[in-house]
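Here is the structure we will look at.
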Amino acid sequence: MLAALVTGCGAPPQAAQDSAGARLEAAAEQAGLVADPARASLVGSWALDTDRVCVVPGASGAYRIGVSIDYGEGQGCAASGSARRGGDRVAVTLGACHFDARFEGDRIVFPATVPAACDRHCTGRASLAALAVEHLSASVSEAETLRSPGGKLLCAMRQ
């Protein structure tokens, strides 16, 4: 009976790197259909709906990052600070607000829960939590033009 159960389990599962899904993902990356996060640039303009993010090179291997969310009628967020990339993670520092965002090559996704210190960058019921933006442009000069609803440049060298 035990022998029947053991032999009924079938072949051992394929290693994750050699699965059909992993091979398909690798082929899509090679063809340029899917961005390879390991080779993708963080620099540029990012957006989705009214959410905007700019990322430009900063000092000592860090980046300058700016975030603007504008839902109108006193509902929004605006912040600027620094970021450091580590693989598929981006350590974001916006003053006292610190968290790790996920970097997917063509998307940046903030965590669903951010520290309470992040609330100071927002008005009304807006939040930095779960912000997700897509890469629009790799242009540094374009990224440096992102402004808060109040007109402050969020990624410019001199603010």
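Structure data summary
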| item | result |
| --- | --- |
| Charge context of S127, other residues only, Cβ under 12 angstrom, K/R +1, D/E -1 | 0 |
| Environment charge of V90, counting only residues whose C-beta is closer than 13 Å and scoring Lys/Arg +1, Asp/Glu -1 | +3 |
| Within-10-Å neighbourhood charge of A62 [Cβ basis; K, R +1; D, E -1] | +3 |
| Convex hull of Cα atoms in segment 69-155, direction-averaged projection (nm²) | 5.7 |
| With every protein chain in place, segment 41-94: carbon and sulfur % of accessible area (1.4 Å) | 48 |
| For q = 0.13, 0.17, 0.23 Å⁻¹, Debye-computed log10 I/I(0) when each Cα of segment 39-116 counts as one equal scatterer | -0.37, -0.64, -1.18 |
| Extended-chain gain in nm, criterion 0.36 nm per residue less alpha-carbon gap, R89 and A22 | 22.1 nm |
| Of all accessible heavy-atom area on segment 114-159, the percent that carbon and sulfur account for (1.4 Å) | 50 |
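The values are calculated or read from the model by the stated rules, or taken from the named source; none is laboratory data. Quick caveat: nothing in here was measured; it's all calculated off a predicted structure. Heads up, the Cβs are rebuilt from the backbone with ideal geometry, glycines too, and the neighbour counts pull from every protein chain shown. Surface areas here come from the heavy atoms of the whole protein model, side chains and all, with no ligands, DNA or RNA. Shrake-Rupley method; radii C 1.70, N 1.55, O 1.52, S 1.80 Å.
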